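Since the structure comes first, as structure tokens, the remarks are kept for the end.
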Amino acid sequence: MSRPKPEPVQVIKQRRDDALQKLAGGVPYIQHLGVNFDRRGDELTANLPFSQSLIGNPFLPAIHGGATGAFLEIAAVMELMWSIVWKQMENGGPAAEAIERGEFPAMPKTIDFTVDYLRTGLPRDAYARARVNRSGRRYASVHVEAWQDNKTRIFAQATGHFLMPELIFE
């Protein structure tokens, strides 16, 4: 009895990168802000490239609090979605095939989202990484932190609670 030959690692990586790009590309506001994602295994880092349009206070200058909050919420939602997509891609079957075609479950809906502005967002690129604290069938809790030059100097953090979508592929 022979086993099927495993796919090359590059093919698997490319499939995951394509799924992430399709997932992020399906949200117009992500494109509007210019947010992109760096994937290392199952870990996502969101990147908000600096743009003059993000400045809220030109006298400081500082990134607008609304742009910061939106960036944190995008990072949280994408981490939740990526955790769903990752699990379904790993399990294979019809779910993995649907994801490869770009058919994703609905996005989680925000119940509440609390942002803590810890210091001024400077006029430079920002990064964020989210951590899913709890994710069940109906509810998820996510914590996200954003930094700029130094990961230990967080300039904003947030905690959000989300209503999870009904998964069409289980």
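Read-outs throughout are calculated quantities, based only on the coordinates presented, and are distinct from any laboratory measurement. Computed from a prediction, not measured in an experiment: that's the story for all the values here. Counting neighbours? That spans all protein chains shown, and the Cβs are built from the backbone with ideal geometry, glycine included.
Observations on the structure shown:
- Filtered residues of segment 97-109 (kept if loosely packed, with under 15 Cβ neighbours inside 10 Å, touching a helix residue (DSSP H, G or I) at 6+ places or on another chain (Cβ under 7 Å) and not in a helix (DSSP H, G or I)): 102
- Residue match in segment 129-149 (condition: in contact with an Asp or Glu (Cβ under 7 Å, 6 or more places away or on another chain), in contact (Cβ under 8 Å) with a residue 40 or more places away in the chain, of a type outside the set (A, V, I, L, M, F, W, C) and within 22 Å of residue 22 (Cα to Cα)): yes
- Count of segment 1-37 residues which are surrounded by 13 or more Cβ atoms within 10 Å (Cβ to Cβ) and outside any helix (DSSP H, G or I): 6
- For residue 15, the conditions (1) of a type in the set (Lys, Arg); (2) touching a residue at least 24 places away in the same chain (Cβ under 8 Å); (3) under 28 Å from residue 141 (Cβ atoms) are fulfilled apart from (3).
- Residue satisfying all of: in segment 131-147; under 15 Å from residue 45 (Cα atoms) and aliphatic (A, V, I, L, M); surrounded by the fewest Cβ atoms within 10 Å (Cβ to Cβ) among these: 132
- Number of the exception - residue 60 against (1) surrounded by 17 or more Cβ atoms within 10 Å (Cβ to Cβ); (2) over 26 Å from residue 104 (Cβ atoms); (3) aliphatic (A, V, I, L, M): (1)
- Residue in segment 89-96 that is assigned to a helix (DSSP H, G or I), farther than 30 Å from residue 147 by Cα and of a type in the set (D, E, K, R) present: yes
- The residue of segment 48-57 that is farthest from the chain's Cα centre (by Cα), among those that are surrounded by fewer than 16 Cβ atoms within 10 Å (Cβ to Cβ) and part of a strand (DSSP E or B), is 57.
- Among residues of segment 148-170, those that are out of contact with any Gly (no Cβ under 9 Å at 6 or more places or on another chain) and either within 28 Å of residue 98 (Cβ to Cβ) or buried (at least 18 other Cβ atoms within 10 Å of the Cβ) (or both), counted: 9
- Qualifying residue in segment 112-127 (condition: touching a Ser or Thr at 6+ places or on another chain (Cβ under 8 Å), under 17 Å from residue 45 (Cα atoms) and not in a loop (DSSP other than H, G, I, E, B)): yes
- Just one of (1) assigned to a helix (DSSP H, G or I); (2) farther than 24 Å from residue 101 by Cα; (3) touching a Pro at 6+ places or on another chain (Cβ under 7 Å) fails for residue 70. It is (3).
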